[in-house]
Structures are given as C-alpha cells and as structure tokens.
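A short reminder: the numbers here are calculations on the coordinates, not readings from a lab. From a predicted model like this one, the values you see are computed outputs, not experimental measurements. Backbone-built Cβ (ideal geometry, glycine too); neighbour counts: all protein chains shown.
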C-alpha cells in the first residue's frame, strides 16, 4: 500500500495538483488584493456607488442602504484585511460570488451556471476540431515536396493565427450575416423563442452557433498548423528517419514515424492554445451576444458589476486550470517515454 | 557601407525582409495619414457612414469622422502602447529570466515556479478583471498592466540563454577577475543575448498590441486616445456589421493582424539570421 | 571476388550558389570478408561517401555519376524500389551519431519489427523477437534491451544496438561511419571486437570510416586515405602506416605512429594548412598547396595508379 503512494505517478499527480491549486490561489489573490492596494479602493467605491446603479428607476433609499450594508458585511469592509481575505477565500471555495448588480437580484453563481454550458459548448469542440484539423494541415504542408506550397501555407497559417478572434467574428458576421444572409448576427438562439428540448430549438441554436464557432476554430487551426508544420519538418530531417530509410523502411511508414513524434509536443501546445482561446472567446461571445461567460463579463464591465466580473473570471480560471491539468495527465499516457518513466510499464 | 551590411543581413532571411516591409508600410501609412490630416482624428468632418471615396479614403464612421485619419492615429497609439508594454514585459522578463538562469539552485526554482504560474493563467480574462479596477485608463496604465502580465515567455527564453552562457569559459575569466554577479550579468551575459532580447521584444510588442485591442473591444481601452482596438469597439457598438460598413471593420482589424504578423516574421527572421541552420533540401 | 566495387563515384552537395564537391571521382574495391578503413580529415568527404555507397542520396546531396557495384549489381541503375530493398538486406549503414539513429518513441523491438516487416510482411512477431535476441546476444546486449526505449540505454549500448539492428537482415556489407568517435576507450574496444566478430562469423565485408587511424588499424586489412574528395592512397594497413607513399599520408602517419604508444590520437592534428574549399577545389593535385614536395608537375591532377602490386597512390613523385 505504501509503495503505491510513493510511486512516481502519484508524486507527479500530487505535484501537478499542488501547482494548479497554487495557480488558483495566486490568481484569486491578485484580483482580491490589487483593487484594495490601488488609490481610491475600487471596491469601496463600487459599494458606495450602488446608490446610483441598481436596477432601473430611482434607487429606493432603504433598499440601497440595506444593500450597502449587505456588501460591507459580505466583504467585511469594516474589518482588517486578513479577515477580509479569509472571507473572500471562503466565498470563492463555496462558489459564492455574491449578487450581481447588473442583473440584480440574480446571484452571480446562478448567472454563471446558466452561461457556462454555452461557453463550454463553444470552447471544447472548437479546440478539439481546431487542433485536429490544424495539425493535419500543418503536417500536409510539411510533407509537401514543393517548396512553394510549403511557404504559401506558412504565411497563410501565420496570418490567420494572428487575426484577433473578435475581428474574425466581425468579418464573418459581415460576410455571412450581412452579405449572404446565411447565418444570424448574434445571440444564442432567436428572439422570442423559448428554450426547449425540441429539434427545432436545437437547430436554431446550431444555426446561431456556427459563426462564433468558426471565429474560434479558424484561428486555432492557424496556430496549430504552424506548430505542427515546424515539428514535422524537424522530425523529417532527423537522424532516425535517415537510418530507418537506410534499412529499407518505406516512405509510408516513415511518414507515420515522423507524425507520431511530431504530434507529441502539439499536445502540450493544446494546453497553451486553451489559455489564449479562453480569453479570445470572451470578446468573441460579446461580439455575437452569445449567451456565454464572455457576454456576462462584457455586461459586467459595462455596468461596473464587480461581483459578476470576478465570478466570471474565477470560472474561466478554473476551466483553464482543469483543462491544463487534464492535458498534463493525458500527455503522460501518450508519450511512451514519459509513460515508461512514470508508470514503468 | 551600412547599406551593404543591411543587405547582407536581410539576404539571409526572406522572412525578416517581408516582416520589416510590412511593418514599415504600416508605419508609413500612419505617417501619411497624420501628416495630411487637416483635423484631429475624432472631429466630425463629414456626413456619417460614408463609404470610401477619393476624398475620404476609408470613408467615415457613424460620427462623421474621417476613418483614414482615425486609423492613422490609431496605428500610432496602438504602436505606442505596444512599444511601452513590450518594453515593460521584456524588462521584467530579462530581470527574472537572467536572475533565474544565472543564480540557479533554489532561486531558479522559485522564479521558475512563479513564471509557470503566471504563464498558465488566462491572460485576457485576467487583464479584463484588473483593467476593470482602473479608475484612470490611459495608455500608460494600460501598458503597465499588459506588461506585468505578459513577461513569462521572455523570462523563459532569457533564462535558457543565460543558463547556457553561464557555463562558458569567458564567464569564468570574468568571475576570477572579481566581477560581482550584477556586473557579470550586465557586462558579459546581456550583450551576448542582445539578439534574443530584440527577438523577445518583437514578440512582446505584437502580443501587447493584440492585448490592447482585446481590452478596448470589451470596453476597457484607453479613454483619451484613439487606438485600432477602440475603432473596432466603436464599429461594434454602432452596429457596423448590420449596416454593412465594411470600411469601418476591415482596416483596423486588418492592420492589427498585419502588425502582429510582421512582428512575428521579424522575430522568425532574426532567428534565421542569428541562428542559421543547415537547410535541408 | 569483389563484394563492393566503386568506380569514378561523384557526389556533390548543392548549396545556394555552388556545388560542394565532397566526393569527386572515387574508385576502389572491397573484397569478400574484409574490413577496409577509410581515413581522412573532417570534411574530406568520408561521410558523404558512406551515403553514396548505400545509395541513399537525399537533397541537398546529389549523385552526379560513377558506379557502385554491389555483388556485380549497379546500384544507381536500379529503380528506387529495388534499391530500397537492397538497403538493409544486402548493404547496411551504421550512421555517425548512432545516439540519434534510434526513434526515441519506439522500443527497440518495435523498431526492429517495423524494419523487418518492411522486407517481409509475413514474418511472425515471435520469430522476430527470437532473431533479435540472438542478434543482440552477438553484440553483447541482453534481450531486456529489446523492451527498452532509447533513452534508457547508455551511449555504448546504443552503438551496439544500432549495429545489432543493422545486421538483422544479414547484409553482406556494412558501412560504419565513425562508430567509435563518441565513446570512451573501453567502449571503443568493445565495438571493435564486436565488428571483428561479426565479420568472422557472418563472412561480412565492412567499410569502416573514421578519422581515427589508431582505432581502425586494429581491425582493418586495408586502408584507403581520402583527401579533399579524392583518394590519395590505398594499401595494406601496416604498409600504409609504416611505409606511406603519398606526402599527405606521410604527414598523417607521422602524427599517429610517434605517439601511438602513449596517446591514442583522436584527431589528425599538426599538419600545417587547411583542406581546400570543396566548392571551389584547386585544379591539379588537391594536396599541392600544403605539400612540401610540390612541383610544377603537380599542376596536373595525378591519377590513382597501381604501385608494387596491391598498392595505389595518386602522386606524381611516386609515379616518377
């Protein structure tokens, strides 16, 4: 029993979990501490501004006073900093991001719970599809014997990988919504339609899903393709390729060798891509008014709804960290050398 | 004499040449636009929503502002933020990377851990949260904010280089002659890494421009100046897509993209020049 | 009977503006069951020659002309497919830097299986494993190694593994490029013994390419001396070392012989001057610029001719 828990894989897992937990605490600390260190503490200002920003119609004095006291108590603003931080930590762990201002009286956690599935539905397929297609195209470009295709491909991939997701979103909306009327301008589903589990609703959602999806996927493809092309080119020139050839290994098999070795670092690249895509998605969703976390954050910024912004960020943070962790574990299984080192099979 | 030196460098790398050309074209565009402007970028000078014409090269936006002038100033300001944020990020990256690579041991491990943590955090969302706290949003605060989030890549690159340089002989000679650690870093290591520092800066600058654009789009851009990101934001807010105003949407985004591409090509090109590799076939 | 016959072989590297004439008219024979050493400075074309011998020429290297006859078959007249079959089955290659010759993400046995199946698809896996075990025993590696990944092997083990893999299909000729250069002295000895054993037990011929004469002389029967893409001398090992005819060989050997008892010289040092730029080699004798005996006749390139039976030299002085 004891042997099992000191084996390399458990130590590895422990270290990884520890690392990501550390990341979580560092990030949440940053977003808690920085405003309090700034001149004119934004949180205090935010709270005192509640007088003027709740709902529509004039503020009702008793209600706003109650709300003010609620927030002072909630954030422990009248207590020393370390107690404030402790309260904050507690709330984070329990996913209690307090109440939204923009969507008062909705609780942030409820808003986030509604928006998260939409965002994940966009992020995960876009990353997977983008990764697969991107790596495939990158490999194709690298294998191409003709120098011209190789170079043109490089510049094309480079260009698309650097297009801001949200600009691509605007462009796609212009082309496909405005010019060709194929897809809608925005939203998660059509106006006035009530969400239900019917086929027509699902199709409606898909119809609204296409452009946001494309905005993400195309950029991801570009980035992956560049990386994969470089990796394959590197592998193709490796000594082991020449050696295999010198012993009569045919091109089809050699291609498989190179591909398998080139794809490994690309798995790590997937983790990096997620960090970037999560950010780009926020703005892309806002552009389309797609009902995900991004649009929530956008509204939060617009209305200075700090609980909403922080809540949205925390969820995105957790998503990113979990994704990275999953990929780290995946990599152990995929790379036979690491697998051997940690699992000793 | 400088011309021939320049030519020989550029001939080694087509990518460098293309990158520089694109970058310089963008700067030229901006200069032309600014010099020929008869009014400020945010002044209403004409009817709204006009498509491009010989008088208004990029048409007008929904405020009746000349987009050609707007974009020209936007390029200037976006580049300025890019440079400032890039410098800050590169500087922090050098300090952390060189210290980690040079000192090694526990210092290296701690700094490495710190670098990896910041690296994993989703950048734009973090920028958005922190940016939302800023009461004053001018180019300086924004550059600072972007700079202190994006340094990890540079730190890694610089650390690797410092580490490899550290073990070379000439370092030992300097060490024996009694130079302090700081002097060693400044006099021996950094000059040999100049190429990497320049390359890192190019990357940081490109990334900073994209970050600023993202912040502007979400509504946290600079409040007092025009940047390419702000132009895109206005285009979005004023429904440029629904109105088919492609001239409002295409130029700013295209230039952002091309700026980032050109800086990336410059980075790749510098790598080809400073670290030539045997061409295979 | 010649196992391998090379005639007027030429292979150039194409760089942006010019050709590097790495192998420029090379002629020699390798007989059955002998080990021939090819020695020369770095950059004289030895490694290029290796690639040309096995017929695996990839850009920017180009085959220009010449014959490589393996058991009478002209390698460069064969179609690509047939040539690939010969690779591994008739002539095998042990590359310089065997460290990197093994696919890092494959176990040794998987690599061997891949290779064997390319030649004979019906070969059952268990049989491959058995044969691999036998082969590896011959090179002094246990069958455990077969289940390992390259990163688990030491440098010497990797070198032996590569040799073991290269002889899996029982080739008649083995071209080894600097098999000992990256190893410590005791590992070197092991490799030399191994190669000799393989030659004896399997009746193979070998072409042993190296800059380390002190090493190769221990197992080679003849030595070929290369300089600037051309052969300058061929002869029995002891003849070439103790009675060198060509001025270049003389200089090489003086460096080795005088210190051989104390130091195993790894590099050929102490010869003034530098080898010529092979993208623009000198006309006439290529060694003339560095040769202390250079005369006006050396402006014309000397041919490689027979002297005293089994020796060959390319030098006007010797030809008299």
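Remarks
- Mean Cβ neighbour count within 10 Å, used as a protection proxy, ranking A:322-331, C:51-60 highest first: C:51-60, A:322-331
- In the stretch B:74-120, Rg over Rh equals 1.19, where Rg is the alpha-carbon radius of gyration and Rh the Kirkwood radius from pairwise Cα distances.
- Per residue, the average separation of C-alpha pairs within less than 8 Å and at least 6 apart gives the stretch C:118-172 a relative contact order of 37 percent.
- Over the stretch C:113-154, equivalent-ellipsoid semi-axes from the Cα gyration tensor in Å: 20, 12, 8
- Rounded FRET efficiency, nearest 0.05, which uses the C-beta distance separating residue C:121 from residue C:143 and R0 of 30 Å: 0.80
- Helix content alone sets the calculated 222 nm mean residue ellipticity of chain A: runs of n ≥ 4 DSSP H residues at -39500 (n - 2.57) each, divided across all residues, give -26000 deg cm²/dmol.
- Relative to the longest principal axis of the Cα atoms of chain A, the long axis of helix A:108-143 lies at roughly 20 degrees.
- Rel. contact order, % - alpha carbon contacts under 8 angstrom, at least six apart, chain C: 21
- Gyration tensor verdict on the stretch B:3-140 (Cα atoms; rounded if a/c is under 1.5, prolate if a/b is larger than b/c, oblate otherwise): oblate
- If you wrap chain C in the convex hull of its Cα atoms and look at it from every side, the mean projected area works out to 17.0 nm².
- Highest mean packing comes first when the peptides C:235-245, A:8-18 are listed by Cβ atoms within 10 Å, giving C:235-245, A:8-18.
- With the helix formula -39500 (n - 2.57) applied to DSSP H stretches of n ≥ 4, chain B reaches a computed 222 nm mean residue ellipticity of -24000 deg cm²/dmol.
- Potential extension, residue B:148-residue B:44 segment - 0.36 nm per residue separation minus Cα distance: 33.8 nm
- GNM remark for chain A: springs join alpha carbons under 10 Å apart, and the peak mean-square fluctuation among A:321, A:66, A:296 falls on A:66.
- Ranked B:166, C:21, C:77, criterion: other C-beta atoms within 10 Å, fewest first: C:77, B:166, C:21
- Look at the stretch A:260-267: the mean tally of other chain Cβ atoms within 10 Å of its residues' Cβ atoms is 1.
- Paramagnetic label zone (point 7 Å from Cα along Cα-to-C-beta, residue A:70; backbone N under 17 Å) in the stretch A:283-309: A:305-309
- Most mobile of A:98, A:276, A:144 in a GNM of chain A (Cα contacts under 10 Å): A:144
- Peptides ranked, highest mean first, by Cβ atoms within 10 Å: ranges B:35-44, A:22-31, C:34-43: C:34-43, A:22-31, B:35-44
- Shown here is the pair-distance distribution of the stretch C:1-81: with all Cα-Cα distances grouped in 10 Å bins from zero up to the longest one, the shares run 18, 51, 27, 4, 0 percent.
- Taken over the stretch A:145-279, the convex hull of the Cα atoms encloses 162 Å³ per residue.
- Relative to the longest principal axis of the Cα atoms of chain A, helix A:306-334 runs at roughly 20 degrees.
- Per-residue mean of C-beta atoms belonging to partner chains within 10 Å, peptide A:329-340: 2
- Helical runs (DSSP H, four residues minimum) scored at -39500 (n - 2.57) apiece and divided by the length of chain C put the mean residue ellipticity at 222 nm at -9500 deg cm²/dmol.
- In summary, the convex hull built on the alpha carbon positions of the stretch B:52-96 has an orientation-averaged projected area of 3.8 nm².
- Cβ neighbours within 10 Å from other chains - mean over C:100-110: 5
- Sorted fewest first by neighbouring Cβ atoms within 10 angstrom, A:183, B:201, A:201 come out as A:201, A:183, B:201.
- Distance cut-off 12 Å, percentage of C-alpha pairs in the stretch B:5-63 lying past it: 75
- Cα convex hull of the protein assembly as shown - mean projected area over all directions, nm²: 50.8
- For chain A, convex hull volume per residue from C-alpha positions, Å³: 209
- Residue order, fewest to most surrounding Cβ atoms within 10 angstrom, among B:177, C:15, B:132, C:92: B:177, C:15, B:132, C:92
- Result for chain C in a Gaussian network model with C-alpha springs under 10 Å: among C:292, C:275, C:95, the largest mean-square fluctuation is at C:292.
- Rounded to 10°, Cα long-axis angle of helix B:67-103 versus longest principal axis of chain B: 20
- Our summary gives chain B a relative contact order of 28 percent, counting only alpha carbon pairs under 8 angstrom and 6 or more residues apart.
- Expressed in Å, the radius of gyration and Dmax of the Cα atoms of chain B are 21.8, 73.
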